[in-house]
Protein chains: 2
Amino acid sequence: MLTKHSSMAAMPGAGPGAGSNLLFLRESELRLAQDLMFFGYRDFTAGPDRLLEELAMGRAHHRVLHFVGRRPGITVGDLLAILAITKQSLGRVLQPMIEDGYVTQAAGRTDKRQRLLSLTDKGAALERRLYDCQREWVMRAYREAGPAAVEGFRRVMRGLMGDEARAELEILERSGS
Amino acid sequence: MLTKHSSMAAMPGAGPGAGSNLLFLRESELRLAQDLMFFGYRDFTAGPDRLLEELAMGRAHHRVLHFVGRRPGITVGDLLAILAITKQSLGRVLQPMIEDGYVTQAAGRTDKRQRLLSLTDKGAALERRLYDCQREWVMRAYREAGPAAVEGFRRVMRGLMGDEARAELEILERSGS
DNA sequence: AATGTTTGGTCAGCATTGTTGACGCTTCTC
DNA sequence: GAGAAGCGTCAACAATGCTGACCAAACATT
């Protein structure tokens, strides 16, 4: 199933437009992509990781803070779908965060089974500190690269996402405006 | 909550050049970057992860296969520096891979203390299967986005890397091409 | 109203992959 | 010959995934 595109990889003139060849699909270019994703993601998360360590939290806590902050009132089920982890794995980080006053639960209005999650002021404050950390880092990269490169970055990253992730991203973009 | 971002973030004409504004540095744009990195990296690694699971291996094994394949004859110390993990963490995945015949050790020529690591045929074959998996995925994204976007993607990812990672990437690019 | 489904919480156990600290070889360097 | 460097390994621990099982409250359907 992953072999359907195999044939045309090394055919420069096969794409739309004879001038825009597909040399960027050569092996060395794709190897570079692997390296970039490894180093890039590692250093992208390094700042928040350092900050979280002082609070005895991990990357999983950051993800909860981020996505609950992004979609206040999100249900547990929706959060599980976004994170793509099990209820137990989420519970282990979420419950302490509720007890420590970073996240609040509220019963759903239409469906009282649901627990709508939101950040408390304390949670929002921590999330913002973590955000600021990444903001500085990303801004540096964005500024160095320029607006056109940023647009390209977004297009490629979107392309690296599967259908489910694209759908979830759309919802996030809508609610986050 | 998602407060608009104070001072200069919402001032289109503040940057250098009235036409090329810095709107891509607004909060919502940087939030998007966080989402893209999360979903993008997750789905980028999903293919290899599925393949590795059948062989009772994890992402750590993939990283070893990738970087040893990228720099045959790499020393243990250099590999540790690239992965940025401890000797013990590496040893736990590397030793079984040597015993199972995926990786070979050779004493250094000038310095006999060093163990130069390389992939066996078996290791190279597995690495290629994993590579092909990601190749299909990345090619899809690259083709959808186009050459200009790919160039932008690379620029931004490089910008997201720290100085050490940039130096290591340069070595990889030299030996890899 | 009875029954079954959905949403969420929780217990117990396990795997992977990261961490520290300590110790012991072999080999290189001074 | 002494010390440093490169590598391997033991023991213990932490974070974050997983499965399977089971429970309660609320909803939905018959």
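The values are calculated or read from the model by the stated rules, or taken from the named source; none is laboratory data. None of these values were measured; they are calculated from a predicted model. All Cβ positions, even for glycine, are placed from backbone atoms using ideal geometry, and neighbour counts span all protein chains on display. Just so you know, the surface numbers come from the protein's heavy atoms only, side chains and all, with ligands and any DNA or RNA stripped out. Shrake-Rupley method; radii C 1.70, N 1.55, O 1.52, S 1.80 Å.
Relative contact order, whole percent, for chain A stands at 19, derived from Cα pairs under 8 Å and 6 or more residues apart.
What does the charge count near B:Leu36 come to, summing +1 for each Lys or Arg and -1 for each Asp or Glu among other residues with Cβ under 9 Å from its Cβ?
The answer is +1.
Taking amide H atoms as placed 1.01 Å from N in the peptide plane, the amide H of B:Gln114 lies under 5 Å from those of B:Gly108, each 5 or more residues away in sequence or on another chain. Residues considered: A:Leu160, A:Leu94, A:Leu126. Largest GNM mean-square fluctuation over chain A, using C-alpha springs under 10 Å, is found at A:Leu160. The angle between the Cα long axis of helix B:87-99 and the main principal axis of chain B comes to about 50°, on a 0 to 90 degree scale.
Each residue of the stretch B:108-121 was assigned a 3J(HN,Hα) from its phi angle through the Karplus curve 6.51 cos²θ - 1.76 cosθ + 1.60 (θ = phi - 60°); the sequence is x, 6, 7, 10, 6, 6, 6, 10, 7, 9, 9, 7, 7, 4 Hz, with glycine and proline shown as x.
Here B:Gly101 yields copy-to-copy label distances, from shortest upward, of 6.2 nm, the label point defined as 7 Å from Cα along Cα to C-beta. In nanometers and ordered shortest first, the copy-to-copy spacing of the B:Arg50 label point, defined 7 Å from Cα toward Cβ, is 3.8.
What net charge is computed for the residues neighbouring B:Leu130, neighbours being all others with C-beta under 11 Å from the C-beta of B:Leu130, Lys and Arg scored +1, Asp and Glu -1? Let's see the in-between values first.
On the way: positive: B:Arg50, B:Arg59, B:Arg63, B:Arg128, B:Arg129, B:Arg135; negative: B:Asp49, B:Glu127, B:Asp132.
Summing Lys/Arg as +1 and Asp/Glu as -1 gives +3.
Run the accessible area of the stretch B:71-132 with a 1.4 Å probe and give the carbon-and-sulfur part as a rounded percent.
Exposed carbon and sulfur together represent 50 percent of the surface.
For the protein assembly as shown, the spherically averaged projection of the C-alpha convex hull amounts to 21.3 nm². Modelled label positions at A:Asp163 and A:Arg143, each set 7 Å beyond Cα in the direction of Cβ, lie 4.2 nm from each other. Heavy-atom accessible surface of the stretch B:37-176, averaged per residue, reaches 48 Å², computed with a 1.4 Å probe. Against the main long axis of the alpha-carbon atoms of chain B, helix B:147-160 sits at an angle near 80°. In this rough spin-label picture, where each label sits 7 Å from Cα along the Cβ direction, the B:Arg50-A:Lys87 distance is 2.6 nm.
Applying both filters, DSSP loop and at most 13 other Cβ atoms within 10 Å, to the trypsin sites (Lys or Arg not before Pro) of the stretch B:76-177 gives B:Arg109, B:Lys112, B:Arg113. When A:Glu170 is represented by a point 7 angstrom out along its Cα-to-C-beta vector, the spacings to that point in the other copies are 4.4 nm, nearest first. Less than 5 angstrom separates the built amide H of B:Ile74 from those of B:Leu117, all sequence-distant by 5 or more or on a different chain. Our coupling estimate for the stretch A:76-84, obtained by passing each phi through the Karplus curve with A = 6.51, B = -1.76, C = 1.60 and θ = phi - 60°, is 4, x, 5, 5, 4, 5, 5, 6, 6 Hz, Gly and Pro reported as x. Listed by chain and number, the aspartates and glutamates whose C-alpha is less than 17 Å from the C-alpha of B:Lys87, apart from same-chain residues fewer than 8 away, are B:Asp78. Computed over chain B with a Gaussian network model linking Cα atoms closer than 10 Å, the most mobile of B:Met97, B:Met37, B:Met57 is B:Met37. For chain A, with equal point scatterers placed on the C-alpha atoms only and solvent neglected, what are the log10 I(q)/I(0) values from the Debye formula at q = 0.08, 0.14 1/Å, to two decimals? Debye curve over Cα of chain A, log10 I(q)/I(0) at q = 0.08, 0.14 Å⁻¹: -0.36, -0.93.
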